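Reviewing the structure listed below.
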Amino acid sequence: MTDQVVNKKPLSDSGVDEAVGKALRALREANNLTARDLSSRANVSAAMISRIENGQVSPSLSTLESLAQALEVPIVSLLRETGTATADITHVKAGQGLVSTRVAGKHSHDFTALGFHRRPGLEFEALMITLDRRDDSRPPIYNGHGCLFIYALEGEAIYLYGDREIHLHEGDSLSLDAELRYGIKEVLTPVFRYLSVQASGR
C-alpha cells in the first residue's frame, strides 16, 4: 500500500486537516466500514486512515481521490467541512416570518418568507404563499431555473407545469425542474395556501 502525505502537523495547527478527518470518519461510518475495510478498498493503510481521521496529517490529493473512490462519493465530499466557519441559520417561530404582498397586474397574493440563503453558486428560498380565489385576476406563471418543491397546506388549485395541469389537494406535493413554465393556473377553493422551496445555481 502507498500512503502519501503532504506534511505532518500537530492537530491544533490545521483546522482543514481536522475537517477532512471529520468528513472521512462520517462517510466511513455511514457506510458501516471499519478502517481496515476502507484500507482494503482504497489501498491506503489503516494507520494512515486513522491519522487522517484524527487530523494528524494532510493527505495528498491522490490519497483523497483513492478514499473517495472507495467510498463511492465525489472527492468534494471529503472537503465538505472545510468551508468558512461563518454560516447563517434562520429559525421562524410558528405563525411568524416576513410577510409581504406581491402584485402582478391585477393579481396580488401574500407570501411569508421562511428562509433565504445566498452563497457562491447557490441561492435558496422558502416561502409560504397564500392565494385568494378571484374572478378578475390570475396568479403569474413563471419560467426560471433550478429546482422547486411545493407542498399544499390548505385548499385546492390547478398547477401548471409546461403543458401539464395538475390538481393539487391539501397534503399533495410537487418536485420539479423549473426550466419549464410553472405556476398556479387556477385557485379552486376560497383560499389556497402552499409551501414553496426553491434552490438554484447562481
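Overview of values
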quantity	calculated
Tally of residues being over 20 Å from Pro190 (Cα atoms), of a type outside the set (D, E, K, R) and either in a strand (DSSP E or B) or without any contact (Cβ under 8 Å) to a residue 40 or more places away in the chain (or both) across region 145-176	8
Residues being assigned to a loop (DSSP other than H, G, I, E, B), open to solvent by 70 Å² or more (accessible area, probe 1.4 Å), touching a residue at least 12 places away in the same chain (Cβ under 8 Å) and not aliphatic (A, V, I, L, M) - total across region 129-144	5
Flag for Ala126 being among the aliphatic types (A, V, I, L, M), in a strand (DSSP E or B) and open to solvent by 20 Å² or more (accessible area, probe 1.4 Å)	no
Some residue of region 75-92 being modelled with pLDDT of 85 or more and either open to solvent by 80 Å² or more (accessible area, probe 1.4 Å) or within 30 Å of Pro139 (Cα to Cα) (or both)	no
Members of region 185-202 that are within 24 Å of the chain's Cα centre (by Cα) and closer than 16 Å to Leu127 by Cα	Arg193, Tyr194, Leu195, Ser196, Val197, Gln198, Ala199, Ser200
Residues located in region 48-67, provided they are among the aliphatic types (A, V, I, L, M), open to solvent by less than 20 Å² (accessible area, probe 1.4 Å) and more than 15 Å from Leu27 (Cβ to Cβ)	Met48, Val57
Members of region 177-202 that are of a type in the set (Lys, Arg) and part of a strand (DSSP E or B)	Lys185, Arg193
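Listed here are the residues, each with its yes/no results for (1) over 19 Å from Arg102 (Cβ atoms); (2) surrounded by 14 or more Cβ atoms within 10 Å (Cβ to Cβ).
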{"site": "His169", "(1), (2)": "yes, no"}
{"site": "Asp177", "(1), (2)": "yes, no"}
{"site": "Leu180", "(1), (2)": "yes, yes"}
{"site": "Ile184", "(1), (2)": "no, yes"}
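The values are calculated or read from the model by the stated rules, or taken from the named source; none is laboratory data. Since the model is a prediction, treat every value here as computed from it, not as a measurement. Backbone-built Cβ (ideal geometry, glycine too); neighbour counts: all protein chains shown. Note: accessible area is taken over every heavy atom of the protein model, side chains too, but ligands, DNA and RNA are not part of it. Shrake-Rupley method; radii C 1.70, N 1.55, O 1.52, S 1.80 Å.
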